[in-house]
Amino acid sequence: MIIRQKTNCCCESNNFIKLESPRSKKPKKLIIEWKRLVNDGKTCFRCGNTEVELDKGIEIVRNCAKNLNIEVEVVKSEISLEEFRKNPLISNQIMINGKLLEEWLNASTGSSLCCDVCESNECRTIQIDGKIYETITRELIIKGSLIAMTHIL
């Protein structure tokens with residue numbers, strides 16, 4: 001807490017005001033959720049690469065968020081083969097504060113043929129600015145997270 005003397009005050013009894021430090025307030029939350037298929041302990045190459053990108057990107061997001069008094073929580077969850085068969089596009093899906101990464105980035109969800117782990121299904125891709133991403137890169141994760149942070153400040 002910062003205490004500063006009032007100026008031009010006519011009241012003699014209470015000449016100080018309290019200014020709250022940004023860090024004294026309860027932090028806001030940024031929740032990043034990532035889902036991927038795990039079949040017999042294996043995941044596909046694009047989900048495996050996305051996990052590496054997510055882990056690296058989160059370090060940068062956390063550093064930015066700390067200065068804004070935002071707490072970053074990452075939730076990684078596995079989906080079963082049965083869930084995947086019903087809707088392959090839920091695998092490799094990233095949500096930030098309940099909203100798809102694609103929505104934060106003004107991108108679209110697509111699909112392309114994957115691998116044996118996915119039983120040759122068409123798995124999730126992200127399309128943005130004419131480019132298709134099978135692996136979700138750290139740059140996309142960081143950009144989406146930064147945009148989301150501006151909405152919770």
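The values are calculated or read from the model by the stated rules, or taken from the named source; none is laboratory data. These figures come from a predicted structure and were not determined experimentally. With ideal geometry, Cβ positions are generated from the backbone for all residues, glycine too; neighbour counts draw on all protein chains shown.
Of all residues in the stretch 90-99, those satisfying the criterion of being more than 17 Å from ARG46 (Cβ to Cβ) and not in a loop (DSSP other than H, G, I, E, B) are MET95, ILE96, LYS99. Taken over the stretch 113-137, residues that are assigned to a strand (DSSP E or B), charged (D, E, K, R) and under 14 Å from VAL38 (Cα atoms) amount to 0. Of the residues making up the stretch 101-153, those that are within 26 Å of CYS64 (Cα to Cα), β-branched (Val, Ile, Thr) and in contact with a Ser or Thr (Cβ under 6 Å, 6 or more places away or on another chain) are THR135, ILE136.
Taken together, GLU78, GLU103, GLU83, GLU59 contain a single residue that is farther than 30 Å from LYS26 by Cβ and in a helix (DSSP H, G or I), which is GLU83.
Evaluation of LYS35 against the conditions (1) of a type in the set (Lys, Arg); (2) out of contact with any helix residue (DSSP H, G or I) (no Cβ under 9 Å at 6 or more places or on another chain); (3) surrounded by 14 or more Cβ atoms within 10 Å (Cβ to Cβ) shows that the sole unmet condition is (2).
Got a number for residues in the stretch 94-114 being surrounded by 14 or more Cβ atoms within 10 Å (Cβ to Cβ) and more than 17 Å from the chain's Cα centre (by Cα)? Summing the residues that are surrounded by 14 or more Cβ atoms within 10 Å (Cβ to Cβ) and more than 17 Å from the chain's Cα centre (by Cα) in the stretch 94-114 gives 3. Pairing residues of the stretch 55-76 that are under 23 Å from THR135 (Cα atoms) and among the aliphatic types (A, V, I, L, M) with residues that are at pLDDT 95 or above and not in a strand (DSSP E or B), at Cβ distances under 6 Å and at least 6 apart in sequence or on separate chains, gives ILE60/ILE142; VAL61/ILE142; VAL61/SER145; VAL72/VAL61; VAL72/ARG62; VAL72/ALA65; VAL74/ILE58. Within the stretch 104-129, the set of residues being out of contact with any strand residue (DSSP E or B) (no Cβ under 7 Å at 6 or more places or on another chain), more than 27 Å from THR150 (Cα to Cα) and charged (D, E, K, R) comprises ASP116, GLU119.
Looking only at the stretch 94-153, which residues are in contact (Cβ under 8 Å) with a residue 40 or more places away in the chain and of a type in the set (Phe, Trp, Tyr)? Of everything in the stretch 94-153, just one residue is in contact (Cβ under 8 Å) with a residue 40 or more places away in the chain and of a type in the set (Phe, Trp, Tyr), namely TRP104.
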